[in-house]
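Here is the structure we will look at, set down as structure tokens.
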Amino acid sequence: MARYILGRIASVSLVLLGVSVLTFFIAHVIPADPVLAALGEHARDDQIEAFRRAYGLDRPVPVQFVVYLGRLARGDLGVSIRTRRPVAEDLREFLPATVELGTAAWLVALLLGIPAGILSAVYRDRPFDHLARLGALAGASLPVFWLGLVLLGVFYYRLQWFPGPGRLDVALSPPLLRTGLLLVDALLARDGAVLRNAAAHLILPALTLGLFSTAVIARMTRSAMLDVLYQDYVRTARAKGLPRRRVIVLHALKNAMIPTLTIIGISFGSLLSGAVLTETIFAWPGLGRYATASAVSLDFPAVMGVTLVIALLYTAANLLVDLLYARIDPRVRYG
Amino acid sequence: MHASTPASATAKLAAAHSRRRSLLLAARRSPLAAAGALGVIAFVLLALAAPLLAPQPPDAQRLEYRLAPPGRAFPLGLDQLGRDILSRILYGARLSLVVGIVVVALAGVLGTAVGITAGFVGGHMDGVLMRVTDVFFAFPPLILAMAIAAALGPSLTNAMVAIAAVTWPVYARLSRAQALVLRRQEFTEAARAIGLSDLRIVVRHVLPNALGPLIVQASFNMGEAILIAAGLSFIGFGAQPPIPEWGVMVSEGRDYITTQWWVPTVPALAILLAVTGFNLLGDGLRDLLDPRLRQR
């Protein structure tokens, strides 16, 4: 097992090196002019020259890459052209909002997707199954940005059941930021009003973002459960007289979770991807919104920073899933 | 050339009959997949016939009727600039169709070439190509597509390149897995034994036998491409207004969601239907090609 973990970490390091090469390639080789985007069309030659020197854009591309890698090794992601602050500092500010939203959406997906998948398989070809499958199909095909607009339009503008865009009402002052996760910080500060308000702000974006993953997880759980429910050992367990619920939860679900786990890991990536659209609609001050604003102004240090951090999170989530996989499934052989 | 004998004509007829029969059987076994196939066919036909079916040119404005609700005069209503939404949806279908085809062609060819090479050649080549594929897998698709589309400059063409750049690795993994199995099959070894070149073996024997899963993926990829392209257009990195692309239409109509709901909702439903059609078709094809699922 230890050998496997070390091997996986080595391969992840290699992938991350590749990720940094690719992000660098996108930013430096693809023809777009960040200087023009930052200074505008009417910039003087001396301003352009100074800008290029300041950001190291006047050096040959291979030299820029070596400098970039050296900085990266020290955790230095460069300075944002748009905010004029170190990118690492920007990311520290915006990442917690995305982590909070992503985690909430992930919970939505797990809490809705797994039970829907199980019930769908257990009641195969019955009305619930048809309804759940249709829902899962629509969830996987629905444009998330439209769903966000509808939820905001109906539940905020019309019915006023939930608060509008942002993480907290303007009238409330945020608690002392310790983790950057508003819910956790409000808990630590024992600020009930902020906690309730922040939780209410989280519901609509989490539902919007979680829908796609809910659909995917429900489909996978159903399919995995169907695979298992017709196995001999499940039939034997039932024949022995074990109660149906016990067989489903203890015998079938445990084994069906193995393939589902992979999808749960992968769905973390789609949550990060979807965050770009969801955060734009809900004015959620997270990485997705930061990435969009940075990409619009061709702020490549910022775009590269976000892309790298997200790839790192994604890869880490997949590594975690692989390790869990090895732990749960004794049949998986590594070496 | 063979001359057509009565016996061969009968055989051809029987084969056609049996194909039709198995299609009908497949449709009966998987009605959702049949619905998906019908949906996709309808989508393609509507896209192709858009100039004939659209009541107005997509950019024609009738400001006096702006935001008119769906009704007899305007079946799907008018938008904030008085443009006929039905006409824009039909022309938008053409764009979505092109997006799907171009992305599948680019991603499919690149991914399959990489995957087959890796699987067939093996060794270091396999290692290097699969590590490159892993790097692309490390990015959530929309983030990478956005970075590429931003770097290339916002346009639908660049969005297609960006989407192909993030979706090819799936084809690579699938075709590699196929090639790994097929290169050890007897017919491949027989072809090698009679002295056929590797390229010829790949093109004549490996590729045709690896196509099944790739066609299934192509169907999913069409839907995915339409969805990502709409998302990119919605945040400004894809098609630009006034192009009647569905994501652009939702974005332009976003302020009317509670008052004139049809302006952003009709294009969103068009995306939903088109993507659902391709997903259903993909599901159905996968079930048909997988003997394990076929029996269930």
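Tell me whether the range B:179-192 contains one or more residues that are surrounded by fewer than 20 Cβ atoms within 10 Å (Cβ to Cβ), over 27 Å from B:Val99 (Cα atoms), of a type in the set (A, V, I, L, M, F, W, C) and touching a residue at least 24 places away in the same chain (Cβ under 8 Å).
From the range B:179-192, those surrounded by fewer than 20 Cβ atoms within 10 Å (Cβ to Cβ) are B:180-181, B:184-187, B:189-192; that's our starting set.
Filter again for over 27 Å from B:Val99 (Cα atoms), leaving B:180-181, B:184-187, B:189-192.
When the remaining residues are screened for being of a type in the set (A, V, I, L, M, F, W, C), the result is B:180-181, B:187, B:190-191.
Those left that are additionally touching a residue at least 24 places away in the same chain (Cβ under 8 Å): B:180.
Within the range B:179-192, one or more residues are surrounded by fewer than 20 Cβ atoms within 10 Å (Cβ to Cβ), over 27 Å from B:Val99 (Cα atoms), of a type in the set (A, V, I, L, M, F, W, C) and touching a residue at least 24 places away in the same chain (Cβ under 8 Å).
Assess whether A:Val234 counts as being at pLDDT below 95, of a type in the set (A, V, I, L, M) and touching a helix residue (DSSP H, G or I) at 6+ places or on another chain (Cβ under 6 Å).
Values: at pLDDT below 95: yes; of a type in the set (A, V, I, L, M): yes; touching a helix residue (DSSP H, G or I) at 6+ places or on another chain (Cβ under 6 Å): yes.
In short, yes.
Answer yes or no as to whether B:Leu281 is under 23 Å from B:Arg176 (Cβ atoms), part of a helix (DSSP H, G or I) and of a type in the set (A, V, I, L, M, F, W, C).
On the way: under 23 Å from B:Arg176 (Cβ atoms): no; part of a helix (DSSP H, G or I): yes; of a type in the set (A, V, I, L, M, F, W, C): yes.
No.
Per-residue answers, yes or no, for (1) at pLDDT 90 or above; (2) crowded, with 17+ Cβ neighbours inside 10 Å:
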{"site": "A:Val79", "(1), (2)": "no, yes"}
{"site": "A:Thr83", "(1), (2)": "yes, yes"}
{"site": "A:Glu89", "(1), (2)": "yes, no"}
{"site": "A:Arg92", "(1), (2)": "yes, no"}
{"site": "A:Pro96", "(1), (2)": "yes, yes"}
{"site": "A:Ala105", "(1), (2)": "yes, yes"}
{"site": "A:Pro115", "(1), (2)": "yes, no"}
{"site": "A:Ser120", "(1), (2)": "yes, yes"}
{"site": "A:Tyr123", "(1), (2)": "yes, no"}
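In the range B:115-164, how many residues are within 11 Å of chain A (Cβ to nearest Cβ), at pLDDT 90 or above and crowded, with 24+ Cβ neighbours inside 10 Å?
Of the residues in the range B:115-164, 1 are within 11 Å of chain A (Cβ to nearest Cβ), at pLDDT 90 or above and crowded, with 24+ Cβ neighbours inside 10 Å.
Filter the helices (runs of 4 or more DSSP H) completely within the range A:1-72 down to those with at least 3 residues that are at pLDDT 80 or above and farther than 19 Å from B:Leu144 by Cα. Walk me through it before giving the result.
On the way: elements: A:2-28, A:34-39, A:45-54.
In the range A:1-72, the matching helices (runs of 4 or more DSSP H) lie at A:2-28, A:45-54.
So B:Pro244 clears everything in (1) out of contact with any Phe, Trp or Tyr (no Cβ under 6 Å at 6 or more places or on another chain); (2) of a type outside the set (D, E, K, R); (3) more than 8 Å from chain A (Cβ to nearest Cβ) except one condition, right? Which one?
Condition (1) is where B:Pro244 drops out.
Which residue out of A:Leu277, A:Leu298, A:Leu320 is assigned to a helix (DSSP H, G or I) and within 9 Å of chain B (Cβ to nearest Cβ)?
Values: A:Leu298 fails: assigned to a helix (DSSP H, G or I); A:Leu320 fails: within 9 Å of chain B (Cβ to nearest Cβ).
From the options A:Leu277, A:Leu298, A:Leu320, the qualifying one is A:Leu277.
Looking only at residues that are under 29 Å from A:Arg158 (Cβ atoms) and not in a helix (DSSP H, G or I) in the range B:239-258, which one is nearest to the chain's Cα centre (by Cα)? So that I can check it myself, show each step before the final result.
Kept after step one, since they are under 29 Å from A:Arg158 (Cβ atoms), are these residues of the range B:239-258: B:241, B:244-258.
When the remaining residues are screened for being not in a helix (DSSP H, G or I), the result is B:241, B:244-245, B:253, B:257-258.
Working: B:Pro241: 24, B:Pro244: 19, B:Glu245: 16, B:Gly253: 26, B:Ile257: 29, B:Thr258: 32 Å.
Among residues in the range B:239-258 that are under 29 Å from A:Arg158 (Cβ atoms) and not in a helix (DSSP H, G or I), the one nearest to the chain's Cα centre (by Cα) is B:Glu245.
Just checking, which of B:Leu32, B:Leu45 is free of Cβ contacts under 8 Å to residues at least 40 places away in the same chain and within 27 Å of the chain's Cα centre (by Cα)? Working first, answer last.
On the way: B:Leu32 fails: free of Cβ contacts under 8 Å to residues at least 40 places away in the same chain.
Result of the check over B:Leu32, B:Leu45: B:Leu45.
When you scan the range A:138-186, how many residues do you find that are in a loop (DSSP other than H, G, I, E, B), among the basic types (Lys, Arg) and surrounded by fewer than 17 Cβ atoms within 10 Å (Cβ to Cβ)?
The number of residues fulfilling the criteria is 1.
Would you check if B:Gly253 is crowded, with 19+ Cβ neighbours inside 10 Å and farther than 23 Å from B:Ile116 by Cα?
Details: crowded, with 19+ Cβ neighbours inside 10 Å: yes; farther than 23 Å from B:Ile116 by Cα: yes.
Spelling it out, B:Gly253 is indeed crowded, with 19+ Cβ neighbours inside 10 Å and farther than 23 Å from B:Ile116 by Cα.
Name every residue in the range B:247-258 that is closer than 27 Å to B:Leu280 by Cα and within 10 Å of chain A (Cβ to nearest Cβ), in order of residue number.
Keep residues of the range B:247-258 that are closer than 27 Å to B:Leu280 by Cα, which gives B:247-251.
B:Gly247, B:Val250, B:Ser251, listed by residue number.
Quick check, is A:Ala198 more than 23 Å from A:Val144 (Cα to Cα) and assigned to a helix (DSSP H, G or I)? Outline the logic, then answer.
Numbers: more than 23 Å from A:Val144 (Cα to Cα): no; assigned to a helix (DSSP H, G or I): yes.
For A:Ala198, the condition - more than 23 Å from A:Val144 (Cα to Cα) and assigned to a helix (DSSP H, G or I) - is not met.
Could you pull out the residue among A:Pro285, A:Pro330 that is more than 30 Å from B:Gly247 (Cβ to Cβ), surrounded by fewer than 21 Cβ atoms within 10 Å (Cβ to Cβ) and either more than 14 Å from chain B (Cβ to nearest Cβ) or modelled with pLDDT of 85 or more (or both)? Step through it out loud before you land on a result.
Numbers: A:Pro285 fails: more than 30 Å from B:Gly247 (Cβ to Cβ).
When all the criteria are applied, what remains is A:Pro330.
Within the range B:88-97, does at least one residue satisfy the condition of being under 28 Å from B:Thr258 (Cβ atoms), surrounded by fewer than 12 Cβ atoms within 10 Å (Cβ to Cβ) and touching a residue at least 12 places away in the same chain (Cβ under 8 Å)?
First, the residues of the range B:88-97 that are under 28 Å from B:Thr258 (Cβ atoms): B:88-93, B:95-96.
If we keep only those that are surrounded by fewer than 12 Cβ atoms within 10 Å (Cβ to Cβ) too, we end up with none.
Looking through the range B:88-97, none of the residues is under 28 Å from B:Thr258 (Cβ atoms), surrounded by fewer than 12 Cβ atoms within 10 Å (Cβ to Cβ) and touching a residue at least 12 places away in the same chain (Cβ under 8 Å).
Considering B:Pro51, B:Pro70, which residue is part of a loop (DSSP other than H, G, I, E, B) and touching a helix residue (DSSP H, G or I) at 6+ places or on another chain (Cβ under 9 Å)? Walk me through it before giving the result.
On the way: B:Pro51 fails: part of a loop (DSSP other than H, G, I, E, B).
The conditions single out B:Pro70.
Looking at B:Gly236 and the list (1) in a helix (DSSP H, G or I); (2) at positive phi, which single condition is not satisfied?
Of the numbered conditions (1) in a helix (DSSP H, G or I); (2) at positive phi, the odd one out for B:Gly236 is (1).
Among the candidates B:Leu196, B:Leu144, which residue alone is in a helix (DSSP H, G or I) and out of contact with any Cys (no Cβ under 7 Å at 6 or more places or on another chain)? Don't jump to the end; show me each part of the working.
Working: B:Leu196 fails: in a helix (DSSP H, G or I).
When all the criteria are applied, what remains is B:Leu144.
The values are calculated or read from the model by the stated rules, or taken from the named source; none is laboratory data. Nothing here was measured: the structure is a model prediction, and the numbers come from that model. Cβ atoms come from the backbone with ideal geometry, glycine included; neighbour counts cover every protein chain shown.
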